[in-house]
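Participant: Got a structure for you, questions after.
Read-outs throughout are calculated quantities, based only on the coordinates presented, and are distinct from any laboratory measurement. Please read all numbers here as calculations on a predicted model, not as lab measurements. Here the Cβ positions follow ideal geometry from the backbone for every residue, glycine too, while neighbour counts run over all protein chains shown.
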Amino acid sequence: MATMQDLDRIALALPAVTKEVSDDGRPSYVVHGKSWFVFHRSPRRDAVDAKGKRLTDVLVIRVDGEDLKELMLNDERGIFFTTPHWNGYPAVLMRIKDLRRVRKQELEDLVAEAWLTKAQKRVAKAWLAEHSSDQ
């Protein structure tokens, strides 16, 4: 079972990552000081629960293209979703409360894959070479 503390630890262990925190405490994980790859989204009217209340616990996770996004959206656990705002954009949404339904290793993979979409090629290549024996 994964937690926000796990997300923080995993993201900050990746090269060139910093954490930016909004005024209301929502973290964004940024690579090379400019490109986010995971962030805690502020409530928006396009992400609501069954009663129409805006969701306050939505994570946005970059993915490597529409095919992967579609695959994740079809995950049988139903933990990934999207909204019209994110149509055509390589990212999936996930509620923080659903982190508990994700194994820590799966979260590590999700975060690393998101990071790889934004990391500089040489940094990503070096990291992959270092971690390929871990697989």
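Participant: With only alpha-carbon atoms in the gyration tensor, what are the semi-axes of the equivalent ellipsoid for region 1-124, in Å, largest first?
Facilitator: Values: eigenvalues 94, 54, 44 Å².
They are 22, 16, 15 Å, listed largest first.
Participant: Under 9 Å from the Cβ of residue 62, count the other residues' Cβ atoms, weight Lys and Arg +1, Asp and Glu -1, and hand me the total.
Facilitator: Values: positive: 118; negative: 64, 113.
Local charge sum for residue 62: -1.
Participant: If I take every Cα pair under 8 Å that is 6 or more residues apart in the chain, average their sequence separation and divide by the length, what percent do I get for the relative contact order?
Facilitator: Numbers: 200 pairs, mean separation 36.1, N = 135.
The value is 27 percent.
Participant: Determine which residues of region 68-87 fall in the zone a paramagnetic label at residue 101 would reach in this model, i.e. backbone nitrogen under 15 Å from the point 7 Å along Cα→Cβ.
Facilitator: Flagged as within label range: 72-82.
Participant: If you don't mind, another one. Cross-link partners among lysines for residue 53, C-alpha distance below 16 Å, same-chain residues fewer than 8 apart left out?
Facilitator: Answer for residue 53, where 16 Å is the Cα cut-off: 97, listed by chain and number.
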